[in-house]
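To start, the structure under review is shown below, and the notes come after it.
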Amino acid sequence: MAESGATLSNLSTESRVFPPSEEFAAQANATAELYDRADADREAFWAEQADRLSWSKKWDKVLEWDAPFAKWFVGGQLNVAYNCVDRHVEAGNGDRVALNWEGEPGDSRTITYADLQREVSKAANALTGLGVGKGDRVAIQLPMIPEAAIAMLACARIGAMHSVVFGGFSPGALKARIEDAECKLLITSDGQYRRGKPAPMKENTDEAVAGTTIEHVLVVKRTETDVPWTEGRDLWWHDTVETASDQHTPEGFDSEHPLFILYTSGTTGKPKGILHTSGGYLTQSAYTHHVAFDHKPGESVYWCTADIGWVTGHTYIVYGPLANGATSVMYEGTPNTPHEGRHWEIVQKYGVSIYYTAPTLIRTFMKWGDDIPAKFDLSSLKVLGTVGEPINPEAWMWYRKNIGGDRCPIVDTWWQTETGSTMIAPLPGVTPTKPGSAMRPLPGISATIVDESGTPVGNGEGGYLVLDKPWPSMLRGIWGDEERYRETYWSKFAEQGYYFAGDGAKYDEDGAIWLLGRVDDVMNVSGHRISTTEVESALVSHPTVAEAAVVGASDEMTGQGIVAFVILRGSAAKDGGDDAIKALRDHVSKEIGPIAKPRQIMVVEELPKTRSGKIMRRLLRDVAENRAVGDVSTLADSSVMEMISSGMQEGKED
Ligand code: ATP
Ligand code: MG
């Protein structure tokens with residue numbers, strides 16, 4: 001057990017290791033020498049990666065670092081949309097499928113690279129016709145339909161910036177984002193399918209747009225929902241874009257030309273408008289998609305299940321895969337519409353070989369039961385990925401066995417909206433994997449775990465995860481707020497010049513990296529700093545538990561006491577009685593030590609999550625400490641908090 005006073009305790013040990021199979025290693029895109037090559041000359045390594053792209057003007061200098069401001073591939077020019085679309089057509093791959101799109105109601109569309117070139121060109125011409133030009137901001141709130149990707153690429157093509165807002169966000173959230181970025185145009189749809197039924201969209205966006213800088217609203221018809229209409233301002237996509245010319249010559253923009261603004265998920269508080277630029281972002285996105293997923297153009301069928309409204313959708317649905325000429329699956333709907341096997345049905349239908357999702361969904365699949373994926377042919381799968389939260393070792397094992405057939409390497413990819421693309425992940429075919437560990441920084445990336453004073457911790461110790469060298473796809477700032485940028489990311493270790501990501505992590509005895517959740521969520525129990533992740537993973541390793549969230553609540557005796565909220569698995573859910581709770585407390589004690597034994601365990605039906613599926617512990621802390629619940633604007637389902645709060649009150653009376 002770690003001593004009290006350590007930055008972060010190291011409680012759990014994991015002995016399971018999965019080295020790559022010889023067969024996989026023999027065909028892998030990545031090789032072990034990548035690590036050495038990158039270490040030997042980082043800038044030369046990134047210059048090589050930038051050669052994955054087509055530059056209309058070659059850069060003069062790889063990196064200019066005036067901390068905390070980076071410029072990558074200085075003096076270079078490129079068009080991001082040309083790189084994602086046209087060059088594949090020019091290379092003779094116009095007939096290759098770019099998007100296999102699957103609608104929620106069961107309709108589908110197949111879009112080749114040649115189709116995409118025509119569609120993006122038309123949209124670029126239409127946007128120009130509406131007076132949108134270089135540097136202008138375009139808000140996009142669309143369901144997961146091909147037009148979302150087309151709209152993003154059209155912006156990139158003409159040098160306008162997009163600000164994509166998740167389709168489920170309220171008018172207020174959209175309005176705040178439109179106002180923050182002073183967007184000129186909004187691209188939206190009449191409605192969107194949600195759990196099998198059309199729901200209105202345009203009606204809500206109208207509310208958001210009123211009184212803002214928006215000049216036009218471009219509306220894609222998706223659900224045939226009746227919509228309110230403002231003549232002069234509103235235009236149908238099918239009238240405006242479909243009738244535009246499909247010829248458009250892309251212009252090269254500076255490598256540092258802004259590409260997009262994207263607001264973070266809002267797990268910890270008010271979302272931040274993260275700014276990304278072109279050359280460095282696209283370079284690292286293409287590189288990581290190639291090596292971390294072992295993507296083979298023309299061969300792999302790739303599916304990232306994220307929503308386009310999150311950074312994962314930007315980097316690993318649109319920019320990374322398209323830059324690499326990938327054939328992707330894009331799915332519009334929810335995973336249980338019309339049945340809980342929908343994802344596996346899609347994997348089987350398209351022969352998906354690379355599947356990338358979030359731990360929250362994996363835990364949901366576990367809850368639904370092994371028998372569901374077992375009904376489908378998943379033998380096409382070769383690589384599995386996860387992102388968004390630390391993955392509990394038991395969920396990882398479940399994923400490996402039930403989805404990956406015990407044969408697919410799992411890449412646990414740690415990164416953030418701010419980092420732009422993956423930073424820490426195993427290389428399939430090269431790096432052995434351990435259930436629950438993101439393993440090590442990718443070649444070219446430098447990350448360390450440090451203590452409060454900024455000194456690196458040793459193996460077997462925990463601390464703060466920092467990035468100590470600039471990377472190509474790093475954020476270039478928070479939109480319109482340089483001070484907040486410096487303060488949020490660069491002030492904690494200002495002396496060392498480290499970027500501090502907000503996450504806690506540890507090295508295990510072999511030096512592999514384990515993410516331990518947000519440092520703001522760390523619990524202090526009798527002087528031991530305990531991560532939420534390790535206690536949650538201990539709970540999830542009990543056969544009755546599907547999901548768990550723990551928080552520290554103030555405690556007279558111990559400083560803080562651990563309060564756990566758990567969702568039980570299907571058959572166990574009926575028995576949430578005292579014996580079951582005692583068994584869980586004892587289980588945690590046995591797994592990681594008596595210090596981590598929860599003071600209280602609440603059985604709940606649901607946990608508060610952001611729209612991107614991350615657990616919002618700060619709200620649970622409010623409940624555990626009997627406070628009014630804080631900002632819930634990024635919560636997916638606001639009724640969850642009422643349910644949990646009232647359950648807590650009942651629990652107290654017992
Ligand atoms: P906000 O910054 O507004 O609170 P957020 O941090 O949830 O929102 P994102 O940028 O979408 O917004 O998420 C990045 C965070 O997600 C990381 O800082 C980390 O906490 C978590 N995360 C992402 N991938 C992983 C992973 N593979 N393992 C552990 N944690 C991860
Ligand atoms: Mg964050």
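Computed over neighbours whose Cβ is under 11 Å from that of Arg118, the net charge equals -4, Lys and Arg +1, Asp and Glu -1. Estimated from helices alone, the mean residue ellipticity of the chain at 222 nm is -8000 deg cm²/dmol (sum of -39500 (n - 2.57) over DSSP H runs with n ≥ 4, per residue). Between Ser526 and Asp377, the contour length at 0.36 nm per residue exceeds the Cα-Cα span by 48.6 nm. Compared with the alpha-carbon gap, the fully stretched path from Thr31 to Phe18 is longer by 3.0 nm at 0.36 nm per residue. Dividing the mean sequence gap of close Cα pairs (under 8 Å, 6+ apart) by how many residues the range 371-463 holds gives a relative contact order of 21 percent.
For His238, the accessible surface of its heavy atoms amounts to roughly 80 Å² (probe 1.4 Å, protein chains only, rounded to the nearest 10). The distance linking the range 424-495 with the range 583-654 is 29 Å (Cα centroid to Cα centroid, whole angstrom). Cross-link partners for Lys272 among the lysines, with Cα-Cα distance under 16 Å and sequence neighbours closer than 8 places in the same chain left out: Lys175. Counted over all Cα-Cα pairs of the range 491-541, pairs farther apart than 19 Å make up 40 percent. Once all protein chains are placed together, Trp514 keeps about 20 Å² accessible to a 1.4 angstrom probe. Note on the range 356-455: with charges restricted to the Cβ of Lys and Arg (+1) and Asp and Glu (-1), its dipole about the Cα centre is near 360 debye.
For a label point 7 angstrom out from the Cα of Glu207 toward its Cβ, which stretches of the range 152-168 have the backbone nitrogen within less than 18 Å? It comes to 165-168, nothing else.
Taking 0.36 nm per residue of sequence separation and removing the Cα-Cα distance, the Trp229/Ser245 pair yields an extension gain of 3.2 nm. With every protein chain in place and a 1.4 angstrom probe, the accessible-area ranking of Asp406, Asp508, largest first, reads Asp406, Asp508.
Cross-linked pairs Lys57/Lys469; Lys401/Lys609; Lys134/Lys492; Lys61/Lys184; Lys58/Lys614; Lys434/Lys590: Cα-Cα separations exceed 29 Å for Lys134/Lys492; Lys61/Lys184; Lys58/Lys614.
Each Cα pair under 8 Å and six or more residues apart adds its separation to the average, and for the range 542-646 the resulting relative contact order is 25 percent.
The Cβ shell under 13 Å around Trp229 holds other residues with a net charge of -4, Lys and Arg each +1, Asp and Glu each -1. Taking every DSSP beta bridge that has both residues in the chain, what percent is antiparallel when rounded to the nearest 5? Beta bridges within the chain, antiparallel portion: roughly 60 percent. Tell me, how many Å apart are the Cα centres for the range 154-233 and for the range 48-107? For the range 154-233 versus the range 48-107, the Cα centre distance is 27 Å.
Peptides 550-562, 309-321 ranked from most to least packed, by the mean per-residue count of other Cβ atoms within 10 Å: 309-321, 550-562. All Cα-Cα distances of the range 542-646, cut into 5 Å bins from zero to the largest, leave 2, 12, 22, 23, 20, 14, 6, 0 percent in each bin in turn.
In the context of the full set of protein chains, the range 542-646 has a per residue accessible area of 44 Å² (1.4 Å probe).
When you filter the GluC sites (Glu not before Pro) in the range 3-54 for DSSP loop state and at most 16 other Cβ atoms inside 10 Å of their Cβ, you are left with Glu3, Glu14. Please compute the Kirkwood hydrodynamic radius of the chain from all pairs of different C-alpha atoms, in Å with one decimal. One over the average 1/r among Cα pairs gives 25.3 Å for the chain.
Of all DSSP-defined beta bridges confined to the range 143-268, some 30% are antiparallel rather than parallel.
The values are calculated or read from the model by the stated rules, or taken from the named source; none is laboratory data. Remember, it's a predicted structure, so these values are computed and weren't measured experimentally. As a convention, Cβ positions derive from the backbone with ideal geometry for all residues, glycine included, and neighbour counts pool all protein chains shown. To get the accessible areas, we keep the full protein, side chains included, count just its heavy atoms, and leave off ligands, DNA and RNA. Shrake-Rupley method; radii C 1.70, N 1.55, O 1.52, S 1.80 Å.
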